[in-house]
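Worksheet: one structure, shown below.
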Amino acid sequence: MTSSIMLHLSGRFDVAAFRDFAESRARLLGIDMTPQRLEGHEIVFLLRGAHALVGMFIMACVIGPASCVVSQWREAVA
């Protein structure tokens, strides 16, 4: 099953490090990730791919790189 999800992350981000991390994980999982907003306090991605793999991507982002802290996240069907 394919999912289209808008992922909203709030917290404290090193934007370049987080983007590199997310792009790497998206490639590994074979999902389409389109950045919608990349700021030091908020990151939003549009995700498309197999439902289970999108879920794995979201969990990877919540844990994220060491230089970033995700304090809240939410998902919305896109």
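All of the numbers you see were taken from the coordinates with simple rules; none came from a lab. Please read these numbers as outputs of a predicted model, since none were measured by experiment. Note: ideal-geometry Cβ built from the backbone for every residue, glycine included; neighbour counts use all protein chains shown.
In sequence order, the stretch 38-43 has phi-based couplings of 10, 9, x, 10, 8, 10 Hz under the Karplus curve 6.51 cos²θ - 1.76 cosθ + 1.60, θ = phi - 60°, and Gly or Pro positions carry x. Of the GluC sites (Glu not before Pro) found in the chain, the ones in coil according to DSSP and having at most 13 other Cβ atoms within 10 Å of their Cβ are GLU39. Principal-axis analysis of the Cα atoms of the chain puts helix 15-29 at an angle of about 20° to the longest axis.
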